[in-house]
Amino acid sequence: MSHFKDIISHSPAFDNVLRSARMVAATDVTVLIKGETGTGKEVLATAIQQDSHRVNKPFITLNCAALPESLIESELFGHRKGSFTGAIADKKGIFQAANGGTLFLDEINSLPVSIQAKLLRFLENGECLAVGDTEPYLVDVRIISATNCDLQQQIDAGKFREDLYFRLNVIPLEIPALKERVEDIEHLIKHFNDHFSAQHSRIAPKFSKQAIKILQNYDWPGNVRELRNLCERTSVLLSGQLIEAENFPHDFFSTKTSNSNNQDFALPSVGINLNKLEADLIHQALQRTNGNRAKSARLLGLSRDTLLYRIQKHGLANQ
């Protein structure tokens, strides 16, 4: 049974990502998961590992931003006794602990440049070198990494190696932000309500249609994690009640909802053909960027996968 079944999606853009993830799960190919904070990058990485032939092997997660630069090399690759002050014994690194399994490197953009070269060496030939050692060791580890920022900007700023990016970006999977998959919000609410009602022994609250509409018009800077937190709060504090708009914090009325009177586009009195307008804007973006789809997606405020879906939808694939 697929381990992707618990990932909720009724969004065409996210469905495309999940379809690709299912395909790569059966391989050992390196995967780079992109997406805003709270979109579920670790959840997707876990599903890929659980659906792979490495499912019964180690699965280790490391947040690259959580360790100081002075420690991360030793944590990843291990060290030899006496290699630095405090190294009172040999220590195996995370790569050795993950041998045969999968290593998930979250916030890979925070990996120090000094360590990036050693990670590149591993990706090229499977070799790791412990701190203070002269002989490399070989390990069999699949790498899944994730980032919440634009690595191309990091490369341009000299903070990330371009050759490492190419090695990590063999299969890019970009999770759309929650505001780009609003059709999932109601389904996610039901899922979280059921979960928290069982966890906290509470009667699950219900959300009114107006409340759902407010949530679908919110920008969700914290994405699915923020929605999860909201559902846990209402499950505990408003158990069994009908959730109305007035139960939400003021933040939920300060984005799309409150900006409705400051429109950047005025709807003509005769109306528009929305599909034609969308196709025309995508066509213009592709022309302006000479067909660069990543840059076009940024111009349109879309994820790359959402743009690809809409390019196929409008038959613009050859542009």
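Of the residues making up the stretch 179-197, just one is at pLDDT below 95 and of a type in the set (A, V, I, L, M), namely Val182. Note on the stretch 159-203: among residues that are of a type in the set (A, V, I, L, M) and in a helix (DSSP H, G or I), the one that is nearest to the chain's Cα centre (by Cα) is Leu178. The residues of the stretch 160-193 that are of a type in the set (D, E, K, R) and within 15 Å of Ile243 (Cα to Cα), listed by number, are Glu186, Lys190. Gln210 satisfies every condition listed in (1) under 25 Å from Asp6 (Cβ atoms); (2) in the same structural domain as Ser235 (by TED's automatic domain parsing); (3) not in a loop (DSSP other than H, G, I, E, B) except (1). In the stretch 186-210, of all residues being in contact (Cβ under 8 Å) with a residue 24 or more places away in the chain and of a type in the set (Gly, Ala, Ser), the one that is surrounded by the most Cβ atoms within 10 Å (Cβ to Cβ) corresponds to Ala204.
Kindly provide the set of residues from the stretch 107-142 that are over 27 Å from Ala157 (Cα atoms) and among the small types (Gly, Ala, Ser), ordered by number. Passing the criteria: Gly126, Ala130, Gly132. Scanning the stretch 278-314 for residues that are more than 22 Å from His10 (Cα to Cα) and either among the β-branched types (Val, Ile, Thr) or part of a loop (DSSP other than H, G, I, E, B) (or both) returns Ile282, Thr289, Asn290, Gly291, Asn292. Kindly check whether there is at least one residue in the stretch 170-177 that is surrounded by fewer than 19 Cβ atoms within 10 Å (Cβ to Cβ) and without any contact (Cβ under 8 Å) to a residue 60 or more places away in the chain. Checking the stretch 170-177: not a single residue is surrounded by fewer than 19 Cβ atoms within 10 Å (Cβ to Cβ) and without any contact (Cβ under 8 Å) to a residue 60 or more places away in the chain.
The residues of the stretch 1-36 that are without any contact (Cβ under 8 Å) to a residue 60 or more places away in the chain, assigned to a loop (DSSP other than H, G, I, E, B) and buried (at least 16 other Cβ atoms within 10 Å of the Cβ), listed by number, are His3, Phe4, Ile7. Tell me whether the stretch 254-277 contains one or more residues that are modelled with pLDDT of 80 or more, among the hydrophobic types (A, V, I, L, M, F, W, C) and either under 30 Å from Pro205 (Cβ atoms) or in a loop (DSSP other than H, G, I, E, B) (or both). Looking for residues that are modelled with pLDDT of 80 or more, among the hydrophobic types (A, V, I, L, M, F, W, C) and either under 30 Å from Pro205 (Cβ atoms) or in a loop (DSSP other than H, G, I, E, B) (or both), one finds at least one in the stretch 254-277, hence yes.
The values are calculated or read from the model by the stated rules, or taken from the named source; none is laboratory data. Just so it is clear, the model here is predicted, and its values are computed rather than measured. For neighbour counting, all protein chains shown are included, and Cβ atoms are generated from backbone atoms with ideal geometry for every residue, glycine included.
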